[in-house]
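Peer 1: Below: one structure in structure tokens.
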Amino acid sequence: MHDTPSDRTGLAPGWRWTNSFATLGTDFYSPMATQAVAQPHWVGVSASAATLLGLTPEALQTPDWLNILVGNQTAPGSQPLSSVYSGHQFGVWAGQLGDGRAALLGELTPPPDHHGVAQEVQLKGSGLTPYSRMGDGRAVLRSSIREFLCSEAMHGLGIPTTRALSVIGADHPVYREQPETAAVVARLAPSFIRFGHFEHFCHHNLHPQLRQLADYVIDRFYPACHTATTLNGNAYANFLQAVTERTAKMVAQWQAVGFCHGVMNTDNMSILGLTIDYGPFQFLDAFDPGHICNHSDNQGRYAFYKQPNVAYWNLYCLGQALLPLIEDQDLTIAALETYKTIYPVAVDACMAAKLGFPEVRQGQRELADDGLRLLAADRVDYSIFWRRLSHWVHNRENNAGTQDDSVRDLFLDRDGIDAWLLRYSEHLNDIPRGLAANLMMKTNPQYVLRNHLGELAIQAAKNKDFAAVAQLQQALERPFDEQPQFASFADFPPDWASGISISCSS
Ligand code: AMP
Ligand code: MG
């Protein structure tokens with residue numbers, strides 16, 4: 001452990017860099033050095049992520065921090081490293097991957113009086129690593145802004161995610177389909193370990209390392225697994241079950257809010273059940289269960305409605321990787337099977353809240369499914385439907401007798417939605433007044449990061465105007481609050497939005 005000298009880093013004394021992942025040894029990573037870029041400049045800073053580290057945006061926006069978070073300067077005490085992992089990509093074993101463009105700076109621990117929480121700090125796009133393969137180790141500005149905004153938007157929605165402290169642009173050329181410029185996102189998480197880390201060591205028959213990695217994760221994040229008496233008291237089976245549970249709950253939240261991840265490869269699955277690696281993701285505009293948000297996903301493997309099954313498939317890959325430690329196939333399967341009970345329970349709970357029900361009700365699943373069928377048939381805007389329904393319930397409770405057609409106006413099938421609203425009203429009748437609307441307003445967001453909103457902010461940022469990034473972030477940080485100054489962010493997407501094509505190119 002090293003104290004960080006305040007004169008060199010702009011940090012007040014007391015913030016410490018450590019790196020517990022590095023203590024695993026060099027079978028798990030390669031030390032590396034980030035590569036400098038010219039003219040770094042702040043594109044966005046998350047005040048809320050900074051608070052996690054006990055920092056204010058002002059304390060963060062110093063030249064020293066700028067240089068540290070873009071990779072131009074190594075913070076004294078940090079030991080940048082890139083970790084090795086493997087994984088299944090689009091259902092196929094892809095072999096060794098690793099942090100091809102990410103540098104783990106270490107864990108930053110704020111002083112006790114700053115009310116922060118230790119976080120790992122990882123730079124994405126900070127240059128070549130030993131795992132860069134054919135890549136350049138860089139990330140472009142557009143995808144970095146998307147990751148930055150979406151990380152913070154997901155947090156605002158209450159969905160587990162890695163966080164984004166900052167996005168920093170640079171006058172550094174990067175070549176994709178056309179010349180672009182580089183940017184670096186500083187991500188925060190308790191750990192960036194993925195399913196693919198475990199698959200890596202299992203695949204290479206490195207069982208002592210596999211055990212070391214599992215013990216590391218269990219000790220730090222799943223300590224209850226050591227003493228659990230379920231699953232024959234097998235700690236590794238309990239670990240698998242706990243990851244299964246967290247993953248199921250995370251995906252249930254994705255489905256409820258209409259989030260499509262786009263690249264659910266096993267190397268993009270967090271062992272902590274966090275949403276990680278924002279690429280061609282999309283929040284649904286018109287509701288289409290078969291929506292494919294990744295232009296490169298020709299088979300539609302990661303279509304919206306397939307996400308729950310894909311997560312289960314990915315958990316099976318993790319189970320396979322942990323089998324040498326669990327040493328019992330039946331226990332492994334038993335741990336994974338919990339997905340089949342936890343996912344439906346989790347999604348029902350999410351839908352209950354969206355409908356304003358304090359708890360899951362009899363007939364609710366049919367009600368929700370029938371509602372979604374109507375949405376799909378008329379390609380109704382998903383977020384606008386739920387928000388309008390929340391207001392409709394509010395008006396129903398407060399202005400009884402006044403006609404409110406805002407929900408039915410979204411549909412071509414007026415008879416269908418009228419019948420559905422009538423059915424829904426019967427459920428609402430025995431819920432105490434005010435409760436349903438209140439719950440719905442806190443569950444159905446006014447603001448989600450629609451593709452076209454991100455696109456507009458990106459276009460402005462390419463011209464060095466970062467105001468739109470900041471405004472969007474501000475709106476998305478509190479997605480359930482009306483914030484009249486940002487009302488336009490809650491509008492229907494423009495016609496050109498459906499033409500936006502987001503591929504894996506980033
Ligand atoms: P992703 O599809 O972003 O999850 O990336 C899959 C793998 O490719 C990971 O190992 C990344 O680190 C690596 N990768 C993606 N883009 C680059 C790049 N520009 N340079 C080096 N490695 C990359
Ligand atoms: Mg990835």
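No value in this document is a laboratory result; all are computed from the given coordinates. This is a predicted model, so every value here is computed, not measured. When we count neighbours, we look across all protein chains shown, and the Cβ atoms used for this are built from the backbone with ideal geometry, even at glycine.
Peer 1: Scan segment 242-282 residue by residue and report those that are of a type in the set (A, V, I, L, M, F, W, C) and part of a strand (DSSP E or B). Steps first, please.
Peer 2: Residues of segment 242-282 of a type in the set (A, V, I, L, M, F, W, C): 242-243, 248, 250-252, 254, 256-257, 259-260, 263-264, 269, 271-272, 274, 276, 281.
The answer is Phe259, Cys260.
Peer 1: Output the residues belonging to segment 134-187 that are assigned to a strand (DSSP E or B) and without any contact (Cβ under 8 Å) to a residue 12 or more places away in the chain.
Peer 2: Within segment 134-187, Pro173, Pro179 meet the criteria.
Peer 1: Is it true that Leu318 is aliphatic (A, V, I, L, M), under 21 Å from Thr162 (Cα atoms), more than 15 Å from the chain's Cα centre (by Cα) and in a helix (DSSP H, G or I)?
Peer 2: Numbers: aliphatic (A, V, I, L, M): yes; under 21 Å from Thr162 (Cα atoms): yes; more than 15 Å from the chain's Cα centre (by Cα): yes; in a helix (DSSP H, G or I): yes.
In short, yes.
Peer 1: So, one more: For residues that are away from ligand 2 (no atom under 16 Å from the Cβ) and under 23 Å from Glu152 (Cα atoms), tally how many sit in segment 162-187.
Peer 2: If we filter segment 162-187 for residues that are away from ligand 2 (no atom under 16 Å from the Cβ), which is where we start, we get 163, 165-183, 186.
Keeping just the survivors that are under 23 Å from Glu152 (Cα atoms) gives 163, 165-170, 181-183, 186.
Of the residues in segment 162-187, 11 are away from ligand 2 (no atom under 16 Å from the Cβ) and under 23 Å from Glu152 (Cα atoms).
Peer 1: Only residues that are part of a helix (DSSP H, G or I), more than 16 Å from ligand 2 (Cβ to nearest atom) and surrounded by 18 or more Cβ atoms within 10 Å (Cβ to Cβ): list them for segment 188-208, please.
Peer 2: Filtering segment 188-208 for residues part of a helix (DSSP H, G or I) gives 195-203, 207-208.
Add one more test, that the residue is more than 16 Å from ligand 2 (Cβ to nearest atom), and what stays is 201-203, 207-208.
Residues satisfying the conditions are Phe201, Cys202.
Peer 1: For segment 271-301, enumerate the residues that are surrounded by fewer than 23 Cβ atoms within 10 Å (Cβ to Cβ) and of a type in the set (Ser, Thr, Tyr).
Peer 2: If the condition is that a residue be surrounded by fewer than 23 Cβ atoms within 10 Å (Cβ to Cβ) and of a type in the set (Ser, Thr, Tyr), then Ser296 is the only one that fits.
Peer 1: Within segment 240-255, is there a residue that is within 16 Å of ligand 1 (Cβ to nearest atom) and either in contact with a strand residue (DSSP E or B) (Cβ under 7 Å, 6 or more places away or on another chain) or of a type outside the set (A, V, I, L, M) (or both)? Steps first, please.
Peer 2: As a first pass, look at segment 240-255 and keep what is within 16 Å of ligand 1 (Cβ to nearest atom): none.
For segment 240-255, residues within 16 Å of ligand 1 (Cβ to nearest atom) and either in contact with a strand residue (DSSP E or B) (Cβ under 7 Å, 6 or more places away or on another chain) or of a type outside the set (A, V, I, L, M) (or both): absent.
Peer 1: Can you pull out the residues in segment 171-205 that are in contact with a Cys (Cβ under 7 Å, 6 or more places away or on another chain) and more than 15 Å from ligand 1 (Cβ to nearest atom)? Spell out the reasoning first.
Peer 2: Restricting attention to segment 171-205, the residues satisfying the condition of being in contact with a Cys (Cβ under 7 Å, 6 or more places away or on another chain) are 195, 199.
None; the set is empty.
Peer 1: Please give the number of the condition Ala368 fails out of (1) in contact (Cβ under 8 Å) with a residue 40 or more places away in the chain; (2) among the small types (Gly, Ala, Ser); (3) buried (at least 19 other Cβ atoms within 10 Å of the Cβ).
Peer 2: (1)
Peer 1: Mind checking which helices (runs of 4 or more DSSP H) fall wholly inside segment 419-479 and carry at least 3 residues that are closer than 20 Å to Leu355 by Cα?
Peer 2: Helices (runs of 4 or more DSSP H) meeting the threshold: 435-441.
Peer 1: Just to be sure before I move on: is Asp267 within 16 Å of ligand 1 (Cβ to nearest atom), touching a Leu at 6+ places or on another chain (Cβ under 9 Å) and not hydrophobic (A, V, I, L, M, F, W, C) in the structure I sent? Spell out how you get there, then give the answer.
Peer 2: Working: within 16 Å of ligand 1 (Cβ to nearest atom): yes; touching a Leu at 6+ places or on another chain (Cβ under 9 Å): yes; not hydrophobic (A, V, I, L, M, F, W, C): yes.
It is true that Asp267 is within 16 Å of ligand 1 (Cβ to nearest atom), touching a Leu at 6+ places or on another chain (Cβ under 9 Å) and not hydrophobic (A, V, I, L, M, F, W, C).
Peer 1: With Ala75, Ala22, Ala59 as the choices, which residue is assigned to a loop (DSSP other than H, G, I, E, B), touching a residue at least 12 places away in the same chain (Cβ under 8 Å), away from ligand 2 (no atom under 16 Å from the Cβ) and over 23 Å from the mean Cα position of the chain (by Cα)?
Peer 2: Working: Ala22 fails: assigned to a loop (DSSP other than H, G, I, E, B); Ala59 fails: assigned to a loop (DSSP other than H, G, I, E, B).
Within the list Ala75, Ala22, Ala59, the selection yields Ala75.
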